[in-house]
Amino acid sequence: MEFFRPTSLAEACQLKSEHPDAVPLCGGTDVMVDINFDRRRPDALLDLTGVRELYEWSRYDSHVRVGAAVPYTTIIKELSADAPGLAIASRTVGSPQIRNRGSVGGNLGSASPAGDALPPLLAVDAVVETVSATNRRRIPIHEFFLGPKRNALQPDELIAAVHAPVAGGPQQFAKVGTRNAMVIAVCSFSLALHPDTGRVGTGIGSAAPTPLAATQAEDFLSAELADRWTGPAELPDDVVRRFGELVAGAASPIDDVRGTADYRRHALAILARRTLTWTWAEHIRRAQ
Amino acid sequence: MQLHVNGRLHELALDNRTTLLDALREHLGLTGSKKGCDHGQCGACTVLVDGRRINSCLALAVTLDGVEIRTIEGLSDDGALHPVQQAFLDRDGFQCGYCTPGQICSAVGMLDEFDQGWPSAVTTGGQPAALDAGEVRERMSGNLCRCGAYMNIVPAILDVADAAAGRSSA
């Protein structure tokens, strides 16, 4: 196995264009599992831990740009105001040891429908910034996932960063699993309220071939909230209930060892109602 | 390559597929760190890298040139046990002992994270005032004990936290 250790992004891109099969590696919390169990024998590894710029985040024009290798721990500590949905989800990724090493770039690269960071990114219409030796692209998150563990990256491209608007309202994330740490979510859901644009954003995880947004549920709730953003009061029960049904309806889950499709739909409706109740209560609290 | 472990510099010639855990156990004879699951589930291989806890089974040794690695063998100070080690003894925080090195390294890292004000998934509001059993359980959730010694592990860790905060927990 060849092993490359670039020290700059330009060098990493050059290596990736010369060795398109090289597997990018940062925290190793996903790739190493396959290597240790001999499920995958890459001809080459591209170790990105020496590329410092991937470990930096910054704020610009009411957006945050989070480098692909910024560990979940840093997101939890430093981005809980700017990207609360992502920060809440980050608190539940893997285990404390995993969060010290794992990063959003890995979730995006693996493109598993169960990646905890992905539903919150969908809910805020994040943008994935990719880079190659010859090109830099910005791919809307809604166009990034092509199938189970397949994404829109070209073989010569690397994930440089993810961009998200600074939160203008409350955001939440919730998931179901058999224990708190080290479980692949049975299903997960993220909700972001955007009072500034009068919209809401959603993201569903582990309940379809890719992470996806519940667009019908978003349209329904945005219309219901249109007259309620200012001077907000508690939401009618039927609105909350209908939102849950539409979220569950947007999923296309399967039966597997972790849960049945029926259970996933049932649980998603509950997660959707809970996160709506939490975020709306927060919106009311902020409006007072 | 060079590995900096417990204050000593080691020159090693390693296959680049060697994990840090295998390098420690097979090449440096530091067998305190245990191989439980080899894929990050159990935490028995937890070590500190630049003071932060990681699963050594999920890190390739070659990527750790130039960082400071501390294992269970490097926690005691000139024969005096680290306070977390002592607390595990005092509270009988183990049965078979296989998970213990990982538990202790993880607890050392966790207590420092808490001192730095890092929140956990069960922290509500801002900076947590003090560790309680719920916080310890969540923050130690990356370490499994198949004997189920949690009933003594949690009080052991709380003893250290309380002592550091100048409280006594009877």
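The values are calculated or read from the model by the stated rules, or taken from the named source; none is laboratory data. All values reported here derive from a predicted model rather than from experimental measurement. All Cβ positions, even for glycine, are placed from backbone atoms using ideal geometry, and neighbour counts span all protein chains on display. Only protein heavy atoms, including side chains, enter the accessible area calculation; ligands, DNA and RNA are left aside. Shrake-Rupley method; radii C 1.70, N 1.55, O 1.52, S 1.80 Å.
Here are some notes:
- Taking amide hydrogens as placed 1.01 Å from N in the peptide plane, the amide H of A:N151 sits under 5 Å from those of A:L146, each at least 5 positions away in sequence or on another chain.
- Model label points for B:M1 and A:R274, set 7 angstrom from Cα along the Cα-to-Cβ axis, are 4.1 nm apart.
- A straight line joining the Cα centroids of the stretch A:211-269 and the stretch B:102-170 runs 36 Å.
- Here the Gaussian network model covers chain A, with springs between Cα atoms less than 10 Å apart; of A:D21, A:D196, A:D30, A:D196 fluctuates the most.
- Take the Cβ atoms of B:D92 and A:A226, set R0 to 60 Å, and the FRET efficiency comes out at 0.45.
- Surface composition of chain A: carbon and sulfur make up 49 percent of the accessible area, probe 1.4 Å.
- C-alpha center-to-center spacing [the stretch A:160-209, the stretch A:31-48] in angstrom: 29 Å
- For the stretch A:1-73, the set of trypsin sites (Lys or Arg not before Pro) satisfying both a DSSP loop assignment and a count of at most 13 other C-beta atoms within 10 Å is given as A:R39, A:R40.
- Shown are B:H10, B:H27, A:H63, whose ranking by accessible area with a 1.4 Å probe and every protein chain present, most to least, is B:H27, A:H63, B:H10.
- Solvent accessible area, Å² - B:S141, 1.4 Å probe, full protein context: 20 Å²
- Taking chain A as a Gaussian network of alpha-carbon nodes connected by springs under 10 Å, the highest mean-square fluctuation of the residues A:L108, A:L54, A:L191 belongs to A:L54.
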